Structures are given as structure tokens and as C-alpha cells.
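Written below as C-alpha cells is the structure these notes are about.
The values are calculated or read from the model by the stated rules, or taken from the named source; none is laboratory data. Just so we're clear, the structure is a prediction, and the values are computed from it rather than from any experiment. Virtual Cβ from ideal backbone geometry, glycine too; neighbours counted across all protein chains shown.
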Amino acid sequence: MPSSVACRSLRTLLMDGFECLPVRCSASAPAPAPFLPHRLLRLCVHLCSAKPRRPVSKNLPFRQKSSGFCSYSYRPHVPRNAAVHPTVDKRIDYLKSKLEEQGIRCGSGKPGKYWRNLCPKCQGGSSKERLLSFSISDDGWLANWMCFRAPCGWRGSVRAFEECKIGYAKTIQTLKLNDYRVITEIDLQLEPLCTELIAYFAERSISAKTLERNGIMQCKQDDQIVIAFTYRRNAALVSCKYLASSKECWQETGTEHIFYGLDDIKQASDVIIVDGEIDKLSMEEAGFPNCISVPYGLPAQSSKELHSEDEATKFQYLWNCKEYLEKASRIILATDAGGPGQALADELARRLGKERCWRVKWPKKNAIELCKDANEVLMYIGPDKLRDVIENAELCPIMGLSHFSNFFNEVDEYYHRSLGFERVSTGWRALDELYNVVPGELTVITGVPNSGKSEWIDALLCNINEARKWKFLLCSMENKVRDHARKLLEKYINKPFINSRYGESTERMSVQELEQGKKWLNDTFYLIRCEDDSLPSIDWVLELAKSAVVRYGIRGLVIDPYNELDHQRSSKLTETQYVSHMLTKIKRFAHHHSCHVWFVAHPRQLQNWRGYPPNLYDISGSAHFINKCDNGIVIHRNRNANAGPLDRVQVCVRKVRNKVAGRIGDAFLSYNKTTGKFEDWHDGARTFRKQRR
């Protein structure tokens, strides 16, 4: 290394602000040239291993190089008296400016506290609620925000002098997209259709052009050629479903569940949903490319690869494709004419919203039989008739929007007590005479404190799940999660969670029973919990409940109690008007989603209370609790040993709007303190008494 070059390199580095410090060269490094002056050699050795220092600015990035005899690294030198970090005030000002850029008005918000404001993305929805929570740390290094309105979920964070990181939070459950398999046509060994399979589709009136446009392929599976339906999003292969000559079908495991033909409904206002890939191809032959197919039918119809799937994931494809369906104003359900196909249409309409769903009526293919699906109409009658079927689709029945003629089948089934009317037993013979659970109704429950309202509701949900396998969403703010889990587990296993506190020798539940119960809890119940100290509003609860209907298929919602909700009513509304509007929202949710709602409301303070059951008109807030509910129940526990057994619980049914579902009266149950279970009261007397008119 010539001395002039070394001096020039040294001069350049010193001018750039680098500091050279002593260092030891690598023992294995070759020695420098002997003619290099000793002083310059020592200076170069210092230079070759300059100690890294903190950079003065981003314009002088850290660099690392290597030479033939040793490696060296260097950073800009910062003088000892230089200010490395900006002051706290400057960091806070910077964070506030970044929040303002996102539309978040900080105002006089102080660091270290959480503040609420109107979300600039969703504007608080129709109710204009301030559900955006944001904060700035005390030291001014971090600011974050999140909108707690369920359909929005906008969130982000920013560190001092860095760019914002923005995303959208998932409600109830986070989807782990990275867990899905990445597949390609080469990996699956897919190839174009052979002439025999093209002929097979031709027999079903589906052309080769339609097959090519929809990416229908084939592959070899177990010494046979099977049809491969490729599921794509934005033209990328997401999943693949196979159909063998034996009519057996299966899907690639570990892939994301989406609709077949998803790219065909981008920006579509009208969407047709069928329950088979061949039906989707048939719709395209009739001139309707805006058609998608569900990846699988109801659980009873699932193929062999889907039997092991959890029940909660059966409609996961609705959630995965939510943004596509939100844009559709008209959804035509053209599922199979059989019972499972119609049941699927009912579930889809319930989850997507009946107000925008239409149903088709399949024509007859001969004098006796009906066409069961779109492909049979195409094959036996032709594409023109299939177009007529779609164009003449009728609205799904919604009370108040249709003629009575659209409900005559339902009226007939109601008359004959068949599938047209569903009422679910409570599990107690005495109470079934008075009260039955009907989907789409609102039950208001009250009672004095410590009367067992929440315990009775938990026992009722356990009975319904055991008989009908319903799933429930619990908004129970008074209960800690662990305590609520204990109460439910005791009722399910029929053993105490811990050793009995009442002197009984009942055996405590085992570890194996606990694990079994935990699985049941996870499969049956879903929770609404606030992550901060704020109270949930009724709109926030109902938005999450709608998401739970779509994602998990819940059939029941418990709101316990009323006074744990955030009731920030407008100054223009009286409390009576506010309660009326709130109950109307709950009833609309229950009706549109066929979901029964239990709403617990405490009575006002009773003066000179003598131990008798309160009345529904005693509920604190408004008489609308009894006026607007479908069912009104008072839970009352005997507390006077002279008046009767202390384990007797009186269930007072004070209102039943639907007379087919029950009637007014009182039923008596016995309560087991050890397990928390309720049973019919047996004392030789009648289980219910004095009918009230």
C-alpha cells in the first residue's frame, strides 16, 4: 500500500468525522509490505479497525468493508458534548404531529393517559361514538391508537422520528394467514384436461371454453385421473378441490377456505351463490359469470377431508371473503333443492342478512320430479330456463317487506307444528309448561340481588347446548372469566370445581374431567370483554355479536347486566326514550339473525322490601323493559326458612308474547349449591301454581 494512498485515505476519513482507535489485527492476517513506514503502518492498523461510534445523522450510514489482511468498520464520530437524543418535549411534539397527519386530534391530551376521540376512518358509525383510543407514552418515544368499533378495528403506532405502522385489528379471533400452505400448480402436478374429461363435462352441457376460463384441470391420485377445481384469489392459487369418478371429493389440507370463482365477483353488485363447482360452471353457461360456489356444504355433507374440521370453521370462508360480499347489494341463493341445500341457504341468509338475499325456485324436469340444482336445469331444460330461474328469484321472507303469499308455506308448517316453528325446551319439565326458547326473541330477566339470575341463565344455556348443540356469546361484565368458567364447568361436569364449602363429601372434578370441560367451554361459548377500563356500549356489543354470528354461528346472546353498559344518551333523549331505542336495536338483531337474546336488568331499590318477588315494572330505568320484550321472567330465591326450603327457586314468567311458546305462571326449581345445577322441584305438590291473567 503506497504511503501517498494511505495518507490520502486517512485524510478523507478524518475529514468525514471518523475516529481511529487502537486495535489488534487478526493473527492470521498476512503482514503488510516491508517498505511501508513504521509510523504509517501503525496508523493504518488503527484505521483498519476503527471502533464503531454512534452516527451523527442518517446521511452517514454505518459501513463495513474488508481488506486482504484485516477487516475494519467505522461510523461517524459524535463529539462528546453533542446532544444525541432530542428532548422529551420535541419527541412528544413529533408524535402529536404524526397523529394529526392520521386525522387523530390530540388537543391538550397529556402523555401517559388514554384518550377517546372520533375515529377518522369509520367516523364512529351511524351513532358517531368516540371509540378511538389513543395514548402517548410518558417518555415521548411511542404513540399508539386503536378503534374499538367492531367493523373498523383501525389501529397503528409510531415511534419517535419513525414512520407510522398501520393495520386493522381482527374482532373476536385473529386469522393466522401465515399458517396457510402456499401451493402451486407444479407442486400439485396439475395438468390440462384430457379429451375424456372434456367429454364428461360436455355431457353436462358445459363447454371447453368455460372449463378453460375457470381453470379446470386434472391430476393423478391413487392410480386414477381426478378433476381439479382450482380456487383462486387475484389469479393466485389458494386451494384445490378434487372430484373422482366415484363422486368422492376432497380438498387440499392446510389451505385457506374461500369461495370457488371468487375473482368473478369483484365489484359485483349482484352475486349468485351455489353449492357446487359444476353448478357455478352451469350458471356461466347461462350467462351469469358473477357466480361463486361454497367450498363445501353443511357438516353432514362434507367430504372425507372435511370431517375432521372443527364445527366453528364450517363457515370460515364467509369471513375470509367478507370484503367481497360487503359490496353486493343483491345475493341470490341458488343452492340444491333438497333439505341440506335449503338448510345451507337458510344459514347463508341468516349470516349474510336476509334483507339482501333472494331465493330461487327450481322448475320441474318432468311431470313428477323437480330439478335439484342449476346443472340439471341446464341439462334437461336448457340455458334459457336457467336464466328465467335467476331472473325470477324472490326475496327471502322478511316480515314487513313481503306479501303474505310468501309466507304461506311457513304458515302451513306453523299450523302442523313442523319445521316452521322452532321452540327449544328449557330442560325443566315444570318450566316448559310456561316458557320455551324461540330463536329471534328477546327475554328480559330481573330479580333482586343474589337471587340467582346469572346462575339460572348459565344452567339454561347448558341445558340447551346439551339438547340442541347451540353456541352462545356471553357479555357478562360482572363476572371474572375464571369465576364464570368455574360455574359453567360445575354445571357441565356435575361436580364441584374445588372441594365443597358446604360440608358435603362430593368428589371434586378430576384433571381429566377438567380438560374435557375446557374443550366444551371453548367449543360452546364465546366472550365479549373490554380490554380497558371503559364500559361497552350496546352498539359495540351488537356489532361484535353480528361478527360472532357470521364467524361462529352463535344462536344465543347473553347481556348481563344492563347497568354494566355505557349509556351515554343524547341530551335530546329522555331515559325512557333511550331504553326504547336500545331495546328496539336488540330486537332487530335477534330477529334478523334468528338469535335469542337474554337481557338481565336489575330492579330499582325497593323500599321496605318484604322478601316477595319484584315485578317487571320495578326494573330500574323504564317500563319499556316489559313493554318491548317478548318474554319477561323474574328469578326469586327463598331467603326465609319459615316460608319454605332455602334451596327453592321460583321462576316467575310474567310475560309471554308468543302464546304458542308458553303462558304466564310460576315454576319452582331446586338449586344445588355444590354443583350450581337446577332441577325440577319435587315435594308432592304441583310444580307450578296460581296462574296470572
**Prompt:** Which one of 248, 285, 277, 311 is within 28 Å of residue 359 (Cβ to Cβ) and either modelled with pLDDT under 90 or aromatic (Phe, Trp, Tyr) (or both)?
**Reply:** 311
**Asked** Which of the residues that make up the range 611-641 are in contact with a strand residue (DSSP E or B) (Cβ under 8 Å, 6 or more places away or on another chain), part of a helix (DSSP H, G or I) and either basic (Lys, Arg) or at pLDDT 80 or above (or both)?
**Response** 616, 625, 626, 628
**Message:** Tell me yes or no: at least one residue of the range 664-679 is touching a Leu at 6+ places or on another chain (Cβ under 9 Å) and closer than 26 Å to residue 546 by Cβ.
**Reply:** no
**Message:** Any residue in the range 571-594 that is without any contact (Cβ under 8 Å) to a residue 24 or more places away in the chain and over 20 Å from residue 445 (Cα atoms) sitting within a Cβ distance under 8 Å of a residue that is assigned to a helix (DSSP H, G or I) and not basic (Lys, Arg)? List the pairs, counting only those 6 or more apart or interchain.
**Reply:** 573/581
**Fill in**
When residue 478 is run through (1) within 26 Å of residue 602 (Cα to Cα); (2) among the acidic types (Asp, Glu); (3) modelled with pLDDT of 90 or more, the failure sits at (3)
**Request:** Please verify whether the range 263-273 includes one or more residues that are assigned to a helix (DSSP H, G or I), under 25 Å from the mean Cα position of the chain (by Cα) and more than 21 Å from residue 336 (Cβ to Cβ).
**Result:** yes
**Item:** Top-ranked residue in the range 445-498 [being of a type in the set (A, V, I, L, M, F, W, C) and touching a Cys at 6+ places or on another chain (Cβ under 8 Å); ranked as surrounded by the most Cβ atoms within 10 Å (Cβ to Cβ)]
**Value:** 488
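Residues 216, 206: which one is within 35 Å of the chain's Cα centre (by Cα) and buried (at least 19 other Cβ atoms within 10 Å of the Cβ)? Break it down stepwise before answering.
Values: 206 fails: within 35 Å of the chain's Cα centre (by Cα).
Step by step, each of 216, 206 is checked, and only 216 is within 35 Å of the chain's Cα centre (by Cα) and buried (at least 19 other Cβ atoms within 10 Å of the Cβ).
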**Given (1) small (Gly, Ala, Ser); (2) closer than 30 Å to residue 565 by Cα; (3) modelled with pLDDT of 80 or more, number of the condition residue 97 does not satisfy** = (2)
**Prompt:** So which residues in the range 642-669 are over 37 Å from the mean Cα position of the chain (by Cα) and either surrounded by fewer than 16 Cβ atoms within 10 Å (Cβ to Cβ) or in a loop (DSSP other than H, G, I, E, B) (or both), if there are any at all?
**Reply:** 642, 643, 644, 645, 646, 647, 664
**Complete:** Condition set in contact with a helix residue (DSSP H, G or I) (Cβ under 7 Å, 6 or more places away or on another chain) and either without any contact (Cβ under 8 Å) to a residue 12 or more places away in the chain or in a loop (DSSP other than H, G, I, E, B) (or both), scope the range 92-130, selection farthest from residue 542 (Cα to Cα): answer is 111
**Asked** Looking at the range 446-469, which of the residues that are among the β-branched types (Val, Ile, Thr) and over 27 Å from the mean Cα position of the chain (by Cα) is nearest to residue 629 (Cα to Cα)?
**Response** 446
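Looking only at the range 131-147, filter to residues that are in a loop (DSSP other than H, G, I, E, B) and among the hydrophobic types (A, V, I, L, M, F, W, C); which one of those is farthest from the chain's Cα centre (by Cα)? Write out each step before concluding.
The first filter runs over the range 131-147 and keeps only residues in a loop (DSSP other than H, G, I, E, B), leaving 131, 137-141.
Okay, now just the ones that are also among the hydrophobic types (A, V, I, L, M, F, W, C), so 131, 141.
On the way: 131: 19, 141: 33 Å.
By that ranking, first place goes to 141.
Residues checked against (1) part of a helix (DSSP H, G or I); (2) within 31 Å of the chain's Cα centre (by Cα):
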residue	(1), (2)
345	yes, yes
351	yes, yes
358	no, yes
361	no, no
366	no, no
375	yes, no
**Message:** Quick test for you: out of 238, 274, 226, pick the one residue that is on the phi < 0 side of the Ramachandran plot and touching a residue at least 60 places away in the same chain (Cβ under 8 Å).
**Reply:** 274
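Sort out which residues of the range 548-577 are part of a helix (DSSP H, G or I) and over 19 Å from residue 589 (Cα atoms), and write them in order of number.
563, 564, 575, 576
Going through 451, 510, 476 one at a time, which residue ends up being among the small types (Gly, Ala, Ser) and free of Cβ contacts under 8 Å to residues at least 40 places away in the same chain?
From the options 451, 510, 476, the qualifying one is 510.
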